[in-house]
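First up is the structure itself, then whatever we jot down about it.
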Amino acid sequence: MIDFFFGLVATWGLIIVAASAYFSCLAVPVPTFAVMLSGGAFAAAGDLVLWQVLTVAYVAALAGDQTGFQLGRLGGKWLDKFLATRPSRAALFARAQVVVDRWGSTGVFFSTWAAAPLGPWVNFAAGAAGLSTWRFIIWDAMGEAIWVMGYVMLGYYFAANLDALTVLVADWAWLLTAISLAVAASFFLLRSKQ
């Protein structure tokens, strides 16, 4: 499946980079990490321009996050009904609500890169919780800068080993999320004992 997305980037370039970054922020199951890595690799090969890949991915990710935030804000009850029929997604949304309740905009920041699989759900939860729009925008923009730069630049610098890198990154995304959540929970527990 990842080869399929590499092929799409080879054929459609920045359009696929933008579409995957946008839709992944709305919980559409797209291997965006692979698209970002391949965008960086194609830039290293001279088929794409690096600053364009970075800019398009960043703007599309911000737009996707904003869309998710606004959907959460405008359709909180609709979202609850939708998720009631999808238990695994409802569980992710429940975790995201905990992140937003405990950490607010800091949770938004970390969900964009350190806990990226939870990120789209945090966008919805932040909107539904009524988090300040400007706080969301600022913290989201900082987090997405790390996420986009990280993946695109990894693809750029390790283009010759893209297949192995893609496998490694696919494995570490969930590991990084688990470690980040464990550290955050530990910090919260230690802080609550004081």
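The values are calculated or read from the model by the stated rules, or taken from the named source; none is laboratory data. Not measured: the values here are computed from a predicted model. Cβ coordinates were reconstructed from backbone atoms using ideal geometry, including for glycine residues, and neighbour counts include every protein chain displayed. Accessible surface areas use protein heavy atoms only, side chains included; no ligands, DNA or RNA. Shrake-Rupley method; radii C 1.70, N 1.55, O 1.52, S 1.80 Å.
Remarks
- If you plug the beta carbon distance of Thr106 and Gln70 into 1/(1 + (r/R0)^6) with R0 = 35 Å, you get a FRET efficiency near 0.95.
- For q = 0.11, 0.16, 0.26, 0.29 Å⁻¹, Debye-computed log10 I/I(0) when each Cα of region 84-153 counts as one equal scatterer: -0.24, -0.50, -1.08, -1.24
- Normalised radius of gyration (Cα atoms, divided by 2.2 N^0.38 Å) for region 1-108: 1.24.
- Accessible surface of region 83-148, 1.4 Å probe, proportion on carbon and sulfur as whole %: 64
- Accessible area per residue in Å² at 1.4 Å probe, computed on region 23-102: 50
- Sparsely packed chymotrypsin sites (Phe, Trp or Tyr not before Pro) within region 56-128, loop by DSSP, other Cβ within 10 Å at most 10: none
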